[in-house]
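Derivation of every value follows stated rules applied to the coordinates shown; laboratory data play no part. What you see is a predicted model, and the numbers here were worked out from it, not measured in a lab. All Cβ positions, glycine included, derive from the backbone under ideal geometry; neighbour counts span all protein chains shown.
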């Protein structure tokens, strides 16, 4: 097997231990074990949702489990034979867990539940948790990547706010005009754009330029294409050629957007609660600047059920409640993601113009051109490979062509080992 296991093998090993350790006695705690991650605000929201569920279903008790070190604890619980009945899972890890048999298909339960209506949910986030035609989870929330911008910096630079007509040239022009030495000491201290260096934050740029990370069948890494390389080089040039994005030394672990030192940043809905605490400047959101095509990745989290749960019907009722209209209203109140239920997302619960951003419909409109990231059991391994090599690009040590070539070579070697 070698010195380390891939994600599928690791999850499979944990699941094998579950089979041995859990036995067949059916004993379990009184409450349904619900495991989740999140901030203090999310803990409060989850407690409210659980209280509401228990009032509506007095015969079902729930035992929430919050974890900061979430994925590690989840795997330990699975490996120890005490998996949570219901738990959070992102669409990035979903395929590996489904193929390892660690989570249960809810397809049959869904079909027999006459009160459940899949059309209540946004289609793309809902289908993100299907594998070989089987549904494995109910979406909690989702978000595309959008452009956040500092309105005050734009006003001072005399630059019109971003809109749907913006392309990469417009974006670069605005970056240049918003980059400035504000205190006159000879050093730039305000930048047009903060480069997001995570590998998933390259997807929108690569896709918009006509490239991709994996082939449509997921069997080859094609990031070495001219389209993908040019997109990656454009990002690196923002830092090292145009000097409109800060270097690692200039960032120095500071949150440059909330401190008013960055004009634009690309991120998801998850930053909204923190950005709503900003008092020193006005901010807004817009669609991403378009390339050859318009594209943005979508990130989705769902409630999934352990395949070892002995109370699957009750667990389904809990998942249905938390992901449905009642739970979605709480999600809208929290502000970290877009509610998965269409009627709630289109309601004042989410489209609240008294709170920033005033135009939250941008997230909803972006769904028309949003795409899911690569669906593969090797998501984590591919991410590790890409992060390692992309660092050499972001730190100015190698160009995009060399980095992309190294990524493609290593990822294709990994994919060729798949059985």
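Here are some notes:
- Sorting the segments 192-199, 227-234, 254-261 by their mean number of nearby beta carbons within 10 angstrom, highest to lowest, gives 227-234, 192-199, 254-261.
- Region 170-192 versus region 237-265: alpha-carbon centroid distance in Å: 10 Å
- Cα centroid of region 317-360 to Cα centroid of region 140-163, whole Å: 22 Å
- Rounded to 5, percent antiparallel among DSSP beta bridges of the chain: 70 percent
- Computed on the Cα atoms alone, the convex hull of region 178-249 gives a volume of 91 cubic angstrom per residue.
- Square roots of 5 times each gyration tensor eigenvalue, C-alpha, the chain, largest first, Å: 38, 27, 18
- Rg/Rg_ref, region 28-124, where Rg_ref = 2.2 N^0.38 Å and atoms are Cα: 1.19
- Computed from Cα positions, the angle between helix 226-240 and the longest principal axis of the chain comes to roughly 60 degrees.
- Under the criterion of Cα pairs below 8 Å and six or more residues apart, the relative contact order for the chain equals 24 percent.
- Cβ crowding within 10 Å averaged over residues, with 85-92, 57-64 ranked highest first: 85-92, 57-64
- Globularity index of region 174-330 is 1.36 (Cα radius of gyration / 2.2 N^0.38 Å, N = number of residues).
- 0 to 90° range, to nearest 10: angle between helix 379-394 axis and the chain longest Cα axis: 10 degrees
- In Å, descending, principal axis extents of the Cα set of region 295-419: 49, 45, 23
- Rounded to the nearest 10 degrees, the inclination of helix 168-178 to the longest alpha-carbon principal axis of the chain is 70 degrees.
- For region 144-187, projected area of the alpha-carbon convex hull averaged over all directions, nm²: 3.9 nm²
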